[in-house]
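Chemist: The structure's right below; bear with me while I get my questions together.
The values are calculated or read from the model by the stated rules, or taken from the named source; none is laboratory data. What you see is a predicted model, and the numbers here were worked out from it, not measured in a lab. Cβ coordinates were reconstructed from backbone atoms using ideal geometry, including for glycine residues, and neighbour counts include every protein chain displayed. For the accessible areas, the whole protein counts, side chains as well, though only heavy atoms, and no ligand, DNA or RNA atoms are used. Shrake-Rupley method; radii C 1.70, N 1.55, O 1.52, S 1.80 Å.
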Amino acid sequence: GIVKCLWMPRSDDSADEYLATAHVMPERDTSRVLVWRIPPRDAHGRKGRDITGYAREFPGKGRELDGRITDMVLAVRPMKSVSKRDSGSSDDSSDDSSDDDDDGFLEDGVLVLSGSGGWIRGTTCMDGKTMSPLWTLTDEHSTLGSMHAVHRVVSAPSGARFASGGEDGTVRVWDTEDATAMGTFGHIAEGRGRVWSIAWSEDESFLLV
């Protein structure tokens, strides 16, 4: 069945719109994501036709992800350019005003998925035509040799980083581009409570858990 739906707005003025749906196959304990193109509206604001088929799937070619998708979020390109220094990096070693840290990576968006098998995956799919895997994190919320589910992934307002929360009771912050770890909060121990919900402040200075 469908466990999550995610509207995927374009970052430009294109009339194309897309919808991502996360599907779970409980009999096999697997899942996949389908991306659907939403037909443009006519002059009266009505959809011109029904959705007849999906535009793309992940991981693709009939393959499926191990475990069940628990959450899905789209990291959207910010309204203005955001470099790693501006998005909270502690690197103060350079005063260079070049744009090396801001290469337009977030322009096409990044879809971040979490799963019951303890994994977090990133893939590009903003325009519904390309769905390329970027990176995979495994067992990042595991403790004492036990693999724990990741319950929630939440993108920061800028889209430059995201937070994950899991069965182990921790919240972890990652760079959206390459999944570099940026911080860990909470108790890394059994029985300290699960993380079910996370929210960023507008200025990304703190998280509510």
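Chemist: For segment 116-137, check the following and say yes or no: at least one residue is at pLDDT below 90, within 17 Å of Thr70 (Cβ to Cβ), of a type outside the set (Gly, Ala, Ser) and touching a Lys or Arg at 6+ places or on another chain (Cβ under 7 Å).
Modeler: Checking segment 116-137: not a single residue is at pLDDT below 90, within 17 Å of Thr70 (Cβ to Cβ), of a type outside the set (Gly, Ala, Ser) and touching a Lys or Arg at 6+ places or on another chain (Cβ under 7 Å).
Chemist: For segment 11-27, indicate whether the set of residues that are part of a loop (DSSP other than H, G, I, E, B), over 17 Å from the mean Cα position of the chain (by Cα), modelled with pLDDT under 90 and at positive phi is non-empty.
Modeler: no
Chemist: Residues of segment 28-41 being farther than 21 Å from Met131 by Cα and either modelled with pLDDT of 80 or more or open to solvent by 60 Å² or more (accessible area, probe 1.4 Å) (or both), which ones?
Modeler: Here is the first cut: in segment 28-41, the ones farther than 21 Å from Met131 by Cα are 28-29, 40-41.
Listed by number, the residues that qualify are Arg28, Asp29, Arg41.
Chemist: Still on this model: Taking Ser158 as the residue in question, decide whether it is assigned to a loop (DSSP other than H, G, I, E, B) and at pLDDT below 90. Don't jump to the end; show me each part of the working.
Modeler: Working: assigned to a loop (DSSP other than H, G, I, E, B): yes; at pLDDT below 90: yes.
Judged against the criteria, Ser158 is a match.
Chemist: So which residues in segment 152-180 are open to solvent by 20 Å² or more (accessible area, probe 1.4 Å) and in contact (Cβ under 8 Å) with a residue 24 or more places away in the chain?
Modeler: Hits for segment 152-180 are Arg152, Val154, Ser155, Pro157, Arg161, Glu167, Arg172, Glu177, Asp178.
Chemist: Now, a different point. Inspect all residues belonging to segment 51-65 and state whether any of them is modelled with pLDDT of 85 or more, open to solvent by 60 Å² or more (accessible area, probe 1.4 Å) and more than 25 Å from the chain's Cα centre (by Cα).
Modeler: Scanning segment 51-65, I find no residue that is modelled with pLDDT of 85 or more, open to solvent by 60 Å² or more (accessible area, probe 1.4 Å) and more than 25 Å from the chain's Cα centre (by Cα), so the answer is no.
Chemist: Shifting gears a bit: Select from segment 161-177 the residues that are modelled with pLDDT of 90 or more and closer than 17 Å to Gly109 by Cα and list them in ascending order.
Modeler: Here is the first cut: in segment 161-177, the residues modelled with pLDDT of 90 or more are 161-165, 171-176.
Arg161, Phe162, Ala163, Trp174, Asp175, Thr176 - these are the residues of segment 161-177 that are modelled with pLDDT of 90 or more and closer than 17 Å to Gly109 by Cα.
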